[in-house]
Amino acid sequence: MIELVVNGEARRLDLDPDMPLLWALRDHLGLTGTKYGCGIAQCGACTVHLDGAAARACQLRLGDLAGKRITTIEGLHPAGDHKVQRAWVAQQVPQCGFCQSGQIMGAAALLAATPKPSDAEIDAAMAGHLCRCGTYQRVRAAIHAAAQG
Amino acid sequence: MDRRHLLKAAGAALLVPVLAEAQQAPPGSPPGPPPTAIPPGESPNAGPGRVTAFLRIGADGRVTVLTPILEMGQGTHTAHAQIVADELGVPLSAVTVEVAQPEGPFRYTPVNEQYAGASWGVRLIQPRLRRAAAQARAVLVEAAAQRLGVPAGSLTLAEGRITHAASGRSLAVGEVAEAAAALPLPEQPRLQPAAERRLVGQPVPRLDVPAKTRGAAVFGQDVRLPGMLQAVAKLSPAHGAAMAGFDAAPARAVRGVVDVVPLGTRGVAVVATDTWAALKGAEAVVIRVEAALRAAARVVDATYEVPALAHAPLETDNCTVRIQGDAAEAWAPTQHQDWVRAAVAKGAGVAPEKVRVHTTFAGGAFGRRLMVEVAEQAAMVARAVGRPVKLTWPREEEFAQGYYRPAHACRLRAALDAQGKLTGLWFRSAGQSVMGDYRPGFMARGPAILDPFALQAVTDTPYRFGAFRSEWVRTEGPAKSWLWRSVGGSQNAFFLECFLDEVAAATGQDPYALRRALLAHDPRRLRVLQTAAETSGWGTPAPAGRHRGIAFCEIYDSPVAQVAEVSVERGTLRVHRVTVAIDCGEVVNPGQVTAQMEGSVAWGLSAALHEAVTLREGRTEQRNFDAYPILRMEEAPVVETHILTTPGVPVGGVGEPGVPPVAPAVANAIFAATGKRLRSLPLLQHDLRA
């Protein structure tokens, strides 16, 4: 039995301790906003916050998460109105949208640690987030806009 | 077919470009006003207030647009909503867009099937939606006139209300929708003049964006049904090799694994209570393969080369199927509803009419989601285990089993007169066919058999070369080939546009001036080229260390020119900026045209710099993004888009035409920077140090 806090709620999971958090979220907790894209930490689509920092849910073993605080896209803001989410709407960032939960979680973690990031800091923090639709220019603009707002 | 094509066809050896035209105006669709009436009999899209085949209007005034086109990221549904809201006279907020169940009015494609492709999500649906909305407007007004006892001509419909100005009385459209649905549709409804449009032509924010920023949009991968099991595919690892047998015991030993279901000779699906257990089980299954593999094609004596490419949408292929009695339901992020229906019917052992297809958001499509093998497999598994099943292809299978843009080689020769003027061009490419295996009926049969996409953007180029001969040689290979965003344009623009740069360099001409001369007869295309050149500063000094390259291409009725600005420092390439000019005819949503140009540049640049699928012993060597890198944020250039319109030119394609010019514009800029002429992709395989 593994106890952890997901989006502010205490959860007890009787699951394989080797199971990556990604599948516990998607298949057992119904939190499908966190996406499966590669399974090997190459695409960033499964990014969540682990105790406030960005982490790839496909690489987090449930057995290592006892007592940890996990935030997913569904828990980033109670009304989906986090400044990063607002900036994403204002800049019309998403195309297919599949990578955007991960992009937003990555950007929110970046801004929490670095409130006014430079382009180079954005590149460094977001390099692990692949977008096949090519929304990078708008991701960058939205991060700058959220930093201003 | 116009005269230009005929003349070119007459001069070509292997060339009968009849079906290239199919992408522009599908043969088989009626020349006059398209059908919008509800077909007789039981309809899978039936519902209250269905005024025309394309529109349902609820008593609450909600307007549901039924469309054949999925939302795969291009804002297509928002464009549909804009068109209908304007033409009908309702607020945009009242409109919802839903992908229709496969049915006659939505099968307006060349082969009477319901699918999305060839950048036609707006351009082919727009006249039908406009007509349907105008008809709906007419019958709503007529129903209101009957209710109020006044002449229809005395009523106006705006903002969802039908008003009798003389008496001040009004009705909401929802109040008369059911009565309107019983009225006959006018054959020639009044279409709204351009001056009255409030939404079409405006950069309206996308309807799906808020949900996509909250993790709330449901992709195929996110479908959940009561009692559903998770399955993942483990397929024969070699292209063209059938599974000879498998050992399921190690998979069955994994906690959570429920079953291992064979998928014919393609492989197996491991079914489990969750995806993690299914993935572990799939890893444990041993698949035995027949030894005989077909040999890969070998092409020699080529001037230019491009590799095979994978679509690699970020959402891997998947389908969820529920079978109940003699009926089945499928949830799929698909571009092709009719093929999913047929595939599920086959896999589930039910009649096609008994299959409902629910089209979800797609996490990228790019042509990949016209392929529906996963749907048949999901149905086979659901049938075998007697429970609803979602079958997911893991990323490794998505790469290994891909339907690739085929590798091509191309030789070009140019004839020049004494003054260096181009007097003739010979283009000869070789590669696998994209249509030959899955759409043999699309192959054009003339003096020889031609894949209509093989010479896309070549036979139909607006350039005038003088004498012009284009040929294509079909090769065979073990891997599957299929449509990849911008299809033949993806390789042919690289071949032709880099080669034109070579001609310019060999004759001491400016690459832009050379292209101007080739388009001098065509003001619309010339303006596109000129806009890209002038807005990028062509002919003026570039910022220090930067160099420019230019390219032009036209597919799906939208000419696009691009100028890439690059630097190469100590062998390191950086693409700083790409200036794009497009004339896509009438514009429904300029915001989305701009977004598609940005995305197309990223897509084209990703392939140009990085991407290649290679085979070894019949198997794909790249199994995940570590071995198949795609463009990353730090490599993304600034994209500046200029949208042109030409009065009287209808809506052109937008999703694909921005892709082909990227690779040649960048390669030509590299030549300007280094003097190195790179004749093969991906570009980063070449050593750029001086």
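Values in this text are rule-based calculations from the coordinates and carry no lab data. All values reported here derive from a predicted model rather than from experimental measurement. Please note: Cβ atoms are built from the backbone with ideal geometry, for glycine as well, and neighbour counts cover all protein chains shown.
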Quick one: dipole size for chain B, taken about the Cα centre, charges +1 on Lys/Arg Cβ and -1 on Asp/Glu Cβ, in debye to the nearest 20.
320
Could you compute the net charge surrounding residue B:542? Neighbours are other residues with a C-beta less than 9 Å from the C-beta of residue B:542; K and R count +1, D and E count -1.
+1
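Assuming a viscosity of 1.306 mPa s and a temperature of 10 °C, what translational diffusion coefficient in µm² per second does Stokes-Einstein assign to the protein assembly as shown, Rh being the Kirkwood radius over Cα pairs? Present the calculation step by step, with values, prior to reporting the outcome.
Values: Rh = 28.0 Å.
Answer from the Stokes-Einstein relation: 57 µm²/s.
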Determine the shielding of peptide B:625-631 by partner chains: average, over its residues, the number of Cβ atoms on other chains within 10 angstrom of each Cβ.
4
Mind grabbing the base-10 log of I(q)/I(0) for the stretch A:83-148 at q = 0.16, 0.25 Å⁻¹? Debye formula, identical points on the C-alpha positions, no solvent, two decimal places.
-0.42, -1.10
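Counting pairs of Cα atoms in the stretch B:50-209, how many percent are more than 29 Å apart?
Working: 2084 of 12720 pairs.
For the stretch B:50-209, the share of Cα pairs beyond 29 Å comes to 16 percent.
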Can you work out the base-10 log of I(q)/I(0) for the stretch B:586-687 at q = 0.11, 0.24 1/Å, using the Debye formula on its C-alpha atoms alone?
-0.45, -1.27
Percent of beta bridges antiparallel (DSSP, the stretch A:2-75, rounded to nearest 5)
85
Would you be so kind as to identify which of B:644, B:117, B:609 lies farthest towards the positive end of the dipole of the protein assembly as shown, taking Lys and Arg as +1 and Asp and Glu as -1 on Cβ and the Cα centre as origin?
B:644
In deg cm²/dmol and to the nearest 500, what is the mean residue ellipticity at 222 nm of chain A if only DSSP H runs of at least 4 residues count, each as -39500 (n - 2.57), divided by the residue total?
-8500 deg cm²/dmol
Please give the peptides B:311-320, A:60-69, B:461-470 ranked by average Cβ packing (other Cβ atoms within 10 Å per residue), highest first, as a rough proxy for protection.
B:311-320, B:461-470, A:60-69
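For chain A, what does the relative contact order come out to in percent, with C-alpha contacts under 8 Å and a separation of six or more? Walk me through the numbers on the way to the answer.
Working: 257 pairs, mean separation 37.5, N = 149.
That works out to 25 percent.
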Restricting to lysines 8 or more places apart or on different chains, can you count the pairs in chain B with Cα atoms under 22 Å from each other?
11
The relative contact order of chain B, taking Cα pairs under 8 Å that sit 6 or more residues apart, comes to a percentage of 14
Cα shape, the stretch B:409-451, gyration tensor, a/c 1.5 rule
prolate
Relative contact order (%) - criterion: Cα under 8 Å, at least six apart; region: the stretch B:486-685:
31
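Evaluate peptide B:218-225: per residue, the Cβ atoms of other protein chains within 10 Å of its Cβ; return the mean as an integer.
3
Using the membrane-span-like helix rule (whole DSSP H runs, Cα extent along the own axis of at least 15 Å, mean Kyte-Doolittle hydropathy at least -0.5), which helices of chain A qualify?
Helices passing the filter in chain A: A:100-113, A:136-148.
Rounded if a/c is under 1.5, else prolate if a/b is larger than b/c, else oblate: which is the stretch B:486-685, with a ≥ b ≥ c the root eigenvalues of its Cα gyration tensor?
On the way: a/c = 1.64, a/b = 1.23, b/c = 1.33.
Here the stretch B:486-685 falls in the oblate category.
Work out the mean other chain Cβ neighbour count within 10 Å for the residues of B:249-258 and drop it here as an integer. Each step should come with its number before you reach the end.
Values: counts 0, 0, 0, 0, 0, 1, 2, 3, 0, 0.
Per residue, the number of nearby Cβ atoms from other chains is 1 on average.
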For the stretch B:637-690 and the stretch B:396-455, write down the distance between their C-alpha centroids in whole Å.
19
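Ranked from highest to lowest mean number of other Cβ atoms within 10 Å per residue, what is the order of the peptides A:7-18, B:151-162, B:91-102? The partial results should precede the final answer.
Details: A:7-18: 13.2, B:151-162: 15.8, B:91-102: 19.1.
Most protected by this proxy first, the peptides run B:91-102, B:151-162, A:7-18.
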With only helices counted (DSSP H, runs n ≥ 4, each -39500 (n - 2.57)), the per-residue ellipticity at 222 nm for chain B, to the nearest 500, works out to -8000 deg cm²/dmol
First check a/c for chain A, with a ≥ b ≥ c the square roots of the eigenvalues of its C-alpha gyration tensor; if it is under 1.5, answer rounded, and if not, answer prolate when a/b is larger than b/c or oblate otherwise.
prolate
Please give the Cα centre distance for the stretch A:102-149 versus the stretch A:64-100, rounded to the nearest Å.
12
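Of the peptides B:339-348, B:549-558, A:137-146, how do they stack up when ordered by the mean number of other Cβ atoms within 10 Å, highest first? Kindly include the intermediate steps, with their values, before the conclusion.
Details: B:339-348: 24.4, B:549-558: 27.0, A:137-146: 22.1.
Top of the packing list down: B:549-558, B:339-348, A:137-146.
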Mind listing P(r) for the stretch A:2-75? All alpha-carbon pairs, 10 Å bins, whole percents.
22, 63, 15
What's the local net charge at residue B:678, with K and R +1, D and E -1, over the other residues with C-beta under 13 Å away?
-2
Taking the Cα centre of the protein assembly as shown as the origin and placing charges on Cβ (Lys, Arg +1; Asp, Glu -1), which of B:479, B:592, B:423 is farthest toward the positive end of the dipole?
B:423
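What do you get for Rg/Rh of chain B when both radii come from the Cα atoms and Rh is the Kirkwood radius?
Numbers: Rg = 26.5 Å, Rh = 26.8 Å.
Radius of gyration relative to Kirkwood radius: 0.99.
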If one computes the Cα centroid of the stretch A:1-61 and of the stretch B:42-91, what distance in Å separates the two points?
37
Just tell me, in residue order, which DSSP H segments of chain B are both 27 angstrom or longer along the helix axis (alpha-carbon based) and at least -1.0 in mean Kyte-Doolittle hydropathy.
B:125-148, B:487-506, B:590-609
